[in-house]
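Have a look at the structure below, then the notes.
The values are calculated or read from the model by the stated rules, or taken from the named source; none is laboratory data. None of these values were measured; they are calculated from a predicted model. As a convention, Cβ positions derive from the backbone with ideal geometry for all residues, glycine included, and neighbour counts pool all protein chains shown.
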There are 2 protein chains.
Amino acid sequence: MGRTSNAKEKLLEAALDLIWERSYGVVTIDAICEKAGVKKGSFYYFFESKSALAVAALEADWNECGKQKWDTLFSASVAPLDRIRDFFKHVYDSQAELQKEHGQVLGCPCFSVGSETSTQDETIRLKVQEILQRQIRYFESAIRDAQAGGSVPPGDAAAKAKCLFALFEGSLGQARIQNDLEFLRILPESALGMLGAAAAHTSS
Amino acid sequence: MGRTSNAKEKLLEAALDLIWERSYGVVTIDAICEKAGVKKGSFYYFFESKSALAVAALEADWNECGKQKWDTLFSASVAPLDRIRDFFKHVYDSQAELQKEHGQVLGCPCFSVGSETSTQDETIRLKVQEILQRQIRYFESAIRDAQAGGSVPPGDAAAKAKCLFALFEGSLGQARIQNDLEFLRILPESALGMLGAAAAHTSS
DNA sequence: ACGATTGTTTACTATTTAGTAAACTACAAG
DNA sequence: CTTGTAGTTTACTAAATAGTAAACAATCGT
C-alpha cells in the first residue's frame, strides 16, 4: 500500500559501483544519490548513513550475484581441484572485463572496503568479515573433498583455505594497485601449487 | 640560513601514523597538523597537498625504517629459507605489538593506501608500486638463492616471489579486517609450504 | 473515488574542510 | 648586531558535505 519505488535498489547498486571503483572514504552521499538518480531526501528515507548503505549494499550484492556464482563454480558435480581452478579463471575473466570497462583492475570490493574501514566502522567490518568467511568456506569444502580424493595431501583444511584465500585476495589487491592482470593470470596454477596438488592437469 | 625546524619530519610521521591507523581518505589535513603539533600554514609551506605528503611519508618510512629492516632480515649471511621464515616471524611480532598499542592489527600501510587510492591518485599509486616492487625483490633474491642451494624446486623465481608476496599482503589484509593475528601466525609455515620447500626445519 | 500510507522533492542549516595571504618570528652568517 | 632568509601563525574565504523538515505526489486497498 502506498507509493512504489526502486530507489532503494538503485542506491544499493550505485553505492557499490562507486565504492568499488573509487573507495569508501572518497565517495560522498551526494555522489551516490546523483549516480542513482535519487534525491538526498530519499536517501535518508531508506538509509540512516553511508555506513548503513554500504553494509546493505555488500549484503545485497552477495545475495543477488555473489552466492549464485560461488554455488555454480564450487558445485559438487565438478572435481574439487577443478572447482578451484575454474573459480580463479573466472576471477581473471571478470577482472579483465572490469579493466576494459573502467580502464582499471578493480579487485574485490568487499576486501577493499573491509581493509579501508576496519579500524573505523565496526558494522562494516563485521559484515565484511561475515561475507569473507562465507567465501572461505567454499575453499575449505573443496580442499576437504580434494583431500578425500587424494588430490591434495592431508592436513588442516581450514588453515589451508585461509591461506589460499589470503593468496587470492593478495593477488587481487596487487592487481588493483599495479593495474595489471598478470597477478591473476598465474593464480590458478599458483593456487594448486600451494595446495601441493597432485597431478594438477584435469582440464586446462 | 634562516629559521630551523623539524615540522616537516613531524608531519611525515604524523601522516603515516594516522593513515596507517585509519585510512588515507578519512584523515584530514587538519587532523595531521594537529597530531604533528604544526599549524596548517606550515603544512602548506612544506607540502602542496595531502597526496604529496602521503607520497613523501611512504618514501621517508622506507628510507628511515623499512630498508634497514629488510636488509637485515634478508641478509645473505642467513640461509635463504631462514630469511623468509625470520621475516614472517618478525611481521607477526611487529603486528602483535601494534595490536597491543592500538587495539587493532594494522597491516601494511603501503598496501592499504595503495589499494585505497590506486584508482584515484596516480602519484600515490606509482610510489606504492615502487616500494612494493623493492620488497618483492628481496623475496625473489631469497628464492633464487634457495633454488641454487636445492631447498626450493627450480622454476620462475620472479613469479614465485610475486605469489609469495600476494600471500603475505593478503594475510596482512585479512589480519587487519578480522583483527586477528592467526593469519600471520601460520604465515611462516604456509610460505615455505607454498614454495615447496624441502626440509623446512633449519631453526624453529 | 477517497484516504491512509509510502515515497519524493525542495530548500534549508550547520559544520567541516581545503586552501590562501600577509603579518610575524627566530636564527645563521657576515 | 644587523640583515636576509627560512619557517610560523593567524585569520580568513569559498566550497563541499551531512543531515533535516515539511510540503508534495503517487498509488494501493477499500
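Condition check ((1) near DNA strand D (Cβ under 7 Å from one of its atoms); (2) part of a helix (DSSP H, G or I); (3) surrounded by fewer than 19 Cβ atoms within 10 Å (Cβ to Cβ)) across all residues:
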position	(1), (2), (3)
B:S5	yes, no, yes
B:A15	no, yes, no
B:L18	no, yes, no
B:G25	no, no, no
B:C33	no, yes, no
B:Y45	yes, yes, yes
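Output the residue which, of all residues in the stretch A:141-159 that are at negative phi and within 14 Å of chain B (Cβ to nearest Cβ), is surrounded by the most Cβ atoms within 10 Å (Cβ to Cβ).
If we filter the stretch A:141-159 for residues that are at negative phi, which is where we start, we get A:141-149, A:151-154, A:156-159.
With the extra rule that they be within 14 Å of chain B (Cβ to nearest Cβ), the set shrinks to A:143, A:152-154, A:156-159.
On the way: A:I143: 27, A:V152: 23, A:P153: 13, A:P154: 9, A:D156: 12, A:A157: 19, A:A158: 13, A:A159: 17.
Going through the qualifying residues, I end up with A:I143.
Looking at B:A76, B:A54, which one is in contact (Cβ under 8 Å) with a residue 40 or more places away in the chain, away from DNA strand D (no atom under 16 Å from the Cβ) and crowded, with 19+ Cβ neighbours inside 10 Å?
Numbers: B:A76 fails: crowded, with 19+ Cβ neighbours inside 10 Å.
Just a single option satisfies the conditions, and that option is B:A54.
Looking at the stretch B:79-96, which of its residues are without any contact (Cβ under 8 Å) to a residue 12 or more places away in the chain and within 13 Å of the chain's Cα centre (by Cα)?
B:S94
Where residues in the stretch A:139-193 are hydrophobic (A, V, I, L, M, F, W, C), within 25 Å of A:V105 (Cα to Cα) and not in a helix (DSSP H, G or I), which of them is modelled with the highest pLDDT? First the steps, then the outcome.
Initial filter on the stretch A:139-193 (hydrophobic (A, V, I, L, M, F, W, C)): A:139, A:142-143, A:146, A:148, A:152, A:157-159, A:161, A:163-168, A:172, A:175, A:177, A:181, A:183-184, A:186-187, A:191-192.
From what's left, within 25 Å of A:V105 (Cα to Cα): A:139, A:161, A:163-168, A:172, A:175, A:177, A:181, A:183-184, A:186-187, A:191-192.
Narrowing the set further to residues that are not in a helix (DSSP H, G or I) leaves A:181, A:186.
Values: A:L181: 97, A:I186: 94.
Filtering first and then ranking leaves A:L181.
So for the stretch A:108-122 (the condition being away from chain B (no Cβ under 13 Å) and either more than 30 Å from B:P109 (Cβ to Cβ) or in a helix (DSSP H, G or I) (or both)), does at least one residue qualify? I'd like the intermediate steps shown before the answer.
Residues of the stretch A:108-122 away from chain B (no Cβ under 13 Å): none.
No: zero hits.
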For the stretch B:1-28, which positions are near DNA strand C (Cβ under 8 Å from one of its atoms) and either under 16 Å from the mean Cα position of the chain (by Cα) or away from chain A (no Cβ under 14 Å) (or both)? B:M1, B:G2, B:R3, B:T4
So, A:K69, is that one away from DNA strand C (no atom under 16 Å from the Cβ) and surrounded by 20 or more Cβ atoms within 10 Å (Cβ to Cβ) or not? no
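Going by the conditions given, is B:Q99 closer than 24 Å to B:L187 by Cα, assigned to a helix (DSSP H, G or I) and within 12 Å of the chain's Cα centre (by Cα)? Full working, then the answer.
Values: closer than 24 Å to B:L187 by Cα: yes; assigned to a helix (DSSP H, G or I): yes; within 12 Å of the chain's Cα centre (by Cα): no.
Spelling it out, it is not the case that B:Q99 is closer than 24 Å to B:L187 by Cα, assigned to a helix (DSSP H, G or I) and within 12 Å of the chain's Cα centre (by Cα).
Would you check if A:S75 is away from chain B (no Cβ under 14 Å) and either more than 9 Å from DNA strand C (Cβ to nearest atom) or among the polar types (S, T, N, Q) (or both)?
Working: away from chain B (no Cβ under 14 Å): yes; either more than 9 Å from DNA strand C (Cβ to nearest atom) or among the polar types (S, T, N, Q) (or both): yes.
Yes.
Report yes if A:G66 is in contact with a helix residue (DSSP H, G or I) (Cβ under 9 Å, 6 or more places away or on another chain) and either among the hydroxyl-bearing types (S, T, Y) or not in a loop (DSSP other than H, G, I, E, B) (or both), otherwise no. Show your work before the answer.
Details: in contact with a helix residue (DSSP H, G or I) (Cβ under 9 Å, 6 or more places away or on another chain): yes; either among the hydroxyl-bearing types (S, T, Y) or not in a loop (DSSP other than H, G, I, E, B) (or both): yes.
Yes: the conditions hold for A:G66.
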Any residue in the stretch B:133-146 that's aromatic (F, W, Y): show its pairings with residues that are assigned to a helix (DSSP H, G or I) at Cβ separation under 6 Å, as long as the two are six or more apart or on different chains. B:Y138/B:W70; B:F139/B:A161; B:F139/B:L164; B:F139/B:F165
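Of the residues that make up the stretch A:31-44, is at least one within 14 Å of another protein chain (Cβ to nearest Cβ), free of Cβ contacts under 8 Å to residues at least 12 places away in the same chain and either of a type outside the set (S, T, N, Q) or within 10 Å of DNA strand C (Cβ to nearest atom) (or both)? Step through it out loud before you land on a result.
Filtering the stretch A:31-44 for residues within 14 Å of another protein chain (Cβ to nearest Cβ) gives A:31.
Now narrow it down to the ones that are free of Cβ contacts under 8 Å to residues at least 12 places away in the same chain: none.
Checking the stretch A:31-44: not a single residue is within 14 Å of another protein chain (Cβ to nearest Cβ), free of Cβ contacts under 8 Å to residues at least 12 places away in the same chain and either of a type outside the set (S, T, N, Q) or within 10 Å of DNA strand C (Cβ to nearest atom) (or both).
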